[in-house]
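S.K.: My questions all concern the structure below.
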Amino acid sequence: MLSTTRSRIRALAAVGLAVAATAVLTVSTAGSAAAQTTPLIPDIIQPPAGSKLVGAYVVTKGTQTYTCVVPAGATTGAYTGASVPEAKLFGTGGWLHHFGGPSWQSVSDGSLVTAARVEGSPRPGTIPELLLKVTTRTGNGVLSRSDYINRLRTSGGVAPTGTCTTGQTASVAYGSVYVFWDAPGV
């Protein structure tokens, strides 16, 4: 049943989209009497009230690449700096390329967004879940209405432990679901 790469990607995407869709069902609306939150998203990284789903994407193949940081005068260091993502995502708008910036670009229409971290929610043994705010947009397409992005259901991607030397890099596999939001008034 899941004997080909294509069938595994479709199954993984379906699971990721189901998780995202479940999360989206209870996003509050700007005019609601009682504020509701999205149950699968920690409070600290909730998108703004009234946000509407733009799209949801699952990482089909991704890495977080870390560069060795060596203190002045030392011969060895550690992977303590920020990571650079490189990933292929599949979801509601087709394929996306995720890369340093952090940026996301639609493979089909070229729309591109870059975002900055607003807040994080730690998860044991994996990279944190995040809320990011879109800072720039290019093109008109599946990502052009995005104001906020959640990185959810993370797995892997944690920086290696131990020592390293100047110039060394380490790429660590990771997975997650990215949810793109159109926020009211942004």
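S.K.: For Asn140 paired with Ser108, estimate the spin-label separation in nm (one decimal), with each label point 7 Å from Cα along the Cα-to-Cβ line.
M.R.: 1.8
S.K.: Which order do the peptides 48-59, 87-98 come out in when sorted by mean C-beta neighbours inside 10 angstrom, highest first?
M.R.: On the way: 48-59: 21.2, 87-98: 19.8.
Taking the mean over residues of other Cβ atoms within 10 Å, the ranking is 48-59, 87-98.
S.K.: Something else about it: Assign one of three labels to segment 48-186, namely rounded, prolate or oblate, based on the Cα gyration tensor with a ≥ b ≥ c the square roots of its eigenvalues; rounded applies when a/c is under 1.5, prolate when it is not and a/b is larger than b/c, and oblate otherwise. Present the calculation step by step, with values, prior to reporting the outcome.
M.R.: Working: a/c = 2.13, a/b = 2.01, b/c = 1.06.
Judged from the Cα gyration tensor, segment 48-186 comes out prolate (a/c at least 1.5, a/b above b/c).
S.K.: So if I take the centroid of the Cα atoms in segment 137-186 and the same for segment 109-123, what is the distance between those two points in Å?
M.R.: About 6 Å separates the Cα centre of segment 137-186 from the one of segment 109-123.
S.K.: Okay, moving on. Shape of segment 36-130 from its Cα gyration tensor (a ≥ b ≥ c, root eigenvalues): rounded if a/c is under 1.5, otherwise prolate when a/b > b/c, or oblate?
M.R.: Here segment 36-130 falls in the oblate category.
S.K.: Ordered by residue, what ³J(HN,Hα) values in Hz, to whole numbers, does segment 144-158 give under the Karplus form 6.51 cos²θ - 1.76 cosθ + 1.60, where θ = phi - 60° and Gly and Pro are x?
M.R.: Residue by residue, segment 144-158 yields 5, 8, 6, 10, 9, 9, 9, 9, 10, 6, 6, 8, x, x, 6 Hz.
S.K.: Which value, in debye to the nearest 20, describes the size of the charge dipole of segment 46-144 about its Cα centre when Lys and Arg Cβ atoms bear +1, Asp and Glu Cβ atoms bear -1, and nothing else is charged?
M.R.: Numbers: 7 positive and 4 negative charges, 21 e Å.
About 100 debye.
S.K.: Continuing with this model, one more query. Volume per residue, Å³, of the convex hull around the alpha-carbon atoms of segment 79-133?
M.R.: Details: hull volume 5.9 nm³, N = 55.
Roughly 107 Å³ of hull volume per residue.
S.K.: Amide H neighbours of Gly93 under 5 Å, at least 5 residues apart or on other chains, H built in the peptide plane: list them.
M.R.: HN-HN under 5 Å from Gly93: Ala56.
S.K.: So for segment 36-102: antiparallel DSSP bridges make up what percent, rounded to the nearest 5? Don't skip to the answer; put the middle values down first.
M.R.: Numbers: 15 of 15 bridges.
Within segment 36-102, antiparallel bridges account for around 100 percent of the total.
S.K.: If contacts are Cα pairs under 8 angstrom and at least 6 residues apart, what is the relative contact order of segment 82-186 in percent?
M.R.: On the way: 221 pairs, mean separation 20.4, N = 105.
Reported relative contact order: 19 percent.
Every number here is computed from the coordinates shown, using simple stated rules; none is lab data. Computed from a prediction, not measured in an experiment: that's the story for all the values here. All Cβ positions, even for glycine, are placed from backbone atoms using ideal geometry, and neighbour counts span all protein chains on display.
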